[in-house]
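Heads up: the structure comes next, in structure tokens.
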Amino acid sequence: MWHWYDKGEEWLAIMLLGGTSLTMFVSSVARAIGNPFAGGAELAQFLFIWTAVLGADITLRQGGQVRIDALVIRLPIKLQLIITSLCVGMMMLFLALLIWYGYALATSNWQRPMGVAGLSYGYITLALPVGAGLMLISLLRRIFTNGIIGSLVADDDEQVEEAL
């Protein structure tokens, strides 16, 4: 089941990024020939924000988030577990707060129109709680599959360590 979920999310992110590029290209060409596409910038912004949110989740799911572990990996395992648990706990708390306050933000912006495009601004602000929810799911998946210490290690780093 997770395989299809992961592939679907990756394809959706690719499609949204392609849509962003296509929208900007069409908008630029239309402007150059003297017939500007009025909602092009807003539509591209909408597509790009959702692309970024899905990209952040894909990155977290693969363990590609920024981390500085030069000191932590030299510590005893028990201390690594404590420090990593603290970091993961803070990440989960932050994501939960983004879901809570992001949902409130999205519902409060639902009636606000987004420029010329006519879309609700709520669709843009909804990316925050949805993305945080997806990242929370990805983080929990990593904890269950890799353990606490391995949850923040990049997938490609594990392959390098296995080869050594």
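With a cap of 15 neighbouring Cβ atoms within 10 Å, and only residues DSSP puts in a loop, list the chymotrypsin sites (Phe, Trp or Tyr not before Pro) found in the range 32-141. Here the chymotrypsin sites (Phe, Trp or Tyr not before Pro) that fit, given the DSSP loop and packing criteria, are Trp110. What residue among Phe25, Leu98, Ile58 has its Cα farthest toward the positive end of the dipole of the chain, where the charges are +1 on Lys, Arg and -1 on Asp, Glu, each on the Cβ? Among Phe25, Leu98, Ile58, the one farthest towards the positive end of the dipole of the chain is Leu98.
When all alpha carbon pairs of the range 14-164 are counted in 10 Å bins from zero, the resulting P(r) reads 11, 29, 26, 18, 11, 4, 0 %.
Taking only complete DSSP H runs, can you tell me which helices of the chain stretch 20 Å or more along their own long axis by Cα positions and average at least 0.5 on the Kyte-Doolittle scale?
On the way: long enough: 2-32 (45 Å, 0.29); 40-61 (31 Å, 1.05); 77-108 (46 Å, 1.70); 127-150 (28 Å, 1.35).
Correct list, ordered by number: 40-61, 77-108, 127-150.
A Förster radius of 35 Å, combined with the Cβ-Cβ distance separating Tyr101 from Trp11, puts the computed FRET efficiency at roughly 0.75.
Dipole magnitude for the chain: computed about the Cα centre from +1 point charges on Lys and Arg Cβ and -1 point charges on Asp and Glu Cβ, it is near 480 debye.
A DSSP coil position with no more than 15 other Cβ atoms inside 10 Å describes the following trypsin sites (Lys or Arg not before Pro) in the range 48-130: Arg67.
Heavy atoms of the protein chains alone define the surface here; on that basis the range 1-139 has 63 Å² accessible area per residue at 1.4 Å probe size. Adding -39500 (n - 2.57) for every DSSP H run of four residues or longer, then dividing by how many residues the chain holds, sets the calculated 222 nm ellipticity at -26000 deg cm²/dmol. Of the solvent-accessible surface of the range 64-146, computed with a 1.4 Å probe and all protein chains present, 75% belongs to carbon and sulfur.
Explain nothing, just the number: relative contact order of the range 12-164, from Cα pairs under 8 Å at least 6 residues apart, as a whole percent.
Taking the mean separation of contacting Cα pairs over the length of the range 12-164, I get 27 percent.
The values are calculated or read from the model by the stated rules, or taken from the named source; none is laboratory data. On a predicted model such as this, the values are computed, not experimentally measured, just so you know. Glycine also receives a Cβ, built like all others from the backbone with ideal geometry; neighbour counts cover every protein chain displayed. These accessible areas exclude ligands, DNA and RNA; they are computed on the full protein's heavy atoms, side chains included. Shrake-Rupley method; radii C 1.70, N 1.55, O 1.52, S 1.80 Å.
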